[in-house]
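Each remark here refers to the structure printed beneath this line.
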């Protein structure tokens, strides 16, 4: 919308200038959905263009799977029995890939804050919840796709290809990625320096990964470790993933079959409840992240 207004010049004369008025559209579900889509697309563009990130994020899971797995397989008697330690830890490695990718996706919040881009997003005429939701969905999609890459190597650890296995694993990885990205965004909302974020993530994520039982059975643990294992939310993502993978192995050794299942005081937690716990925690942390963004300056 253009209007004319008068302006006094330095010599006292009056000059007419053209003024362009900017109108901000009213908020609607369409504008909020568009903001969510833009944030999601931004994460996908970052992922596709950063090929080095795709490669480097696979190095650590592959090291755990083939180096640590091969070493422990010899210790577990892999050469004398049907027990393959790499097959056992493969579901945990899938969860590990998703966890670390999701956490590094949320790290861009701190990066955007340092360079001022986050402030520009937060003053945009959209709800801050749309920014958080788009960010979390984008990070979850990136982490899920990264985990899907790891499924390609399943036959190398005696896990055959199967469409139900791929679809089920992808669903569980997306769910875990959603929860971990929401957790990362919740932490990043209060942190202003990249070094602090990296330190906090290392302090939290690595213990959660090791306590979850991704690298060992959760049955027969010492009491103190069993309590920590049941309190670790990653446990309830690793166990369904392990059940899913083991259910698609044609000849599952008895040693592997007896390593699944999480119990509470002797009661075996159903798989559906485990999945619901991960989803509920993800939604709860997403809510906290939205509240933190709304209350931020």
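For the Cα atoms of the chain, what angle does the longest principal axis make with the long axis of helix 51-62, in degrees from 0 to 90, nearest 10?
Its long axis makes an angle of about 30 degrees.
Run the simple label-point estimate for residue 30 and residue 62 please: 7 Å along Cα→C-beta, distance reported in nm.
In this crude label model, residue 30 to residue 62 measures out at 4.7 nm.
Using only DSSP helix segments of four residues or longer, with each worth -39500 (n - 2.57), what per-residue ellipticity at 222 nm results for the chain after dividing by its residue count and rounding to 500?
-21500 deg cm²/dmol
Among 110, 227, 238, 245, rank each residue by its count of other Cβ atoms within 10 Å, from fewest to most, as a rough exposure measure.
Final ranking by Cβ density, sparse to dense: 227, 110, 245, 238.
For the Cα atoms of the chain, what angle does the longest principal axis make with the long axis of helix 85-106, in degrees from 0 to 90, nearest 10?
Taking the Cα atoms of the chain, the angle to 85-106 is about 10 degrees.
At 25 °C and a viscosity of 0.890 mPa s, what translational diffusion coefficient does Stokes-Einstein give for the chain, taking Rh as the Kirkwood radius over Cα pairs? Give it in µm²/s as a whole number.
Estimated diffusion coefficient is 115 µm²/s.
Which whole-number percentage describes the relative contact order of the chain, with Cα contacts under 8 Å and a sequence gap of 6 or more?
Relative contact order for the chain comes out at 21 percent.
How far, in degrees from 0 to 90, does helix 163-188 lean away from the longest principal axis of the Cα atoms of the chain, to the nearest 10?
Value to nearest ten degrees: 50.
With springs only between Cα atoms under 10 Å, which of 89, 234, 204 fluctuates most in a Gaussian network model of the chain?
Result for the chain, Cα springs under 10 Å: 204 fluctuates most.
Under a plain spin-label model, where a point goes 7 Å from the Cα along Cα-to-Cβ, how far apart in nm are residue 194 and residue 54?
If labels sit at residue 194 and residue 54, their model points lie 2.2 nm apart.
Using only the alpha carbons of the stretch 77-233, what is the convex hull's orientation-averaged projected area in square nanometres?
Average of the hull's projected areas for the stretch 77-233 equals 11.5 nm².
Against the 2.2 N^0.38 Å scaling, with N counting residues, where does the stretch 163-297 land? I'd like the Cα-based Rg ratio to two decimal places.
Details: Rg = 16.7 Å, N = 135, 2.2 N^0.38 = 14.2 Å.
In units of the 2.2 N^0.38 Å rule of thumb, it is 1.18.
Among 117, 210, 183, 100, which comes first, second and so on when ranked by fewest other beta-carbon atoms within 10 Å? Could you put the intermediate results ahead of the total?
On the way: 117 12, 210 16, 183 27, 100 20.
Least crowded to most crowded, the residues run 117, 210, 100, 183.
Using the count of nearby Cβ atoms within 10 Å as a rough guide to exposure, how do 58, 283 rank from fewest to most?
Lowest count first: 283, 58.
FYI, it's all coordinate maths here, none of it is from the lab. Computed from a predicted model, the values in this text were never measured in an experiment. Here the Cβ is made from the backbone with ideal geometry for all residues, glycine too, and neighbour counts use every protein chain on show.
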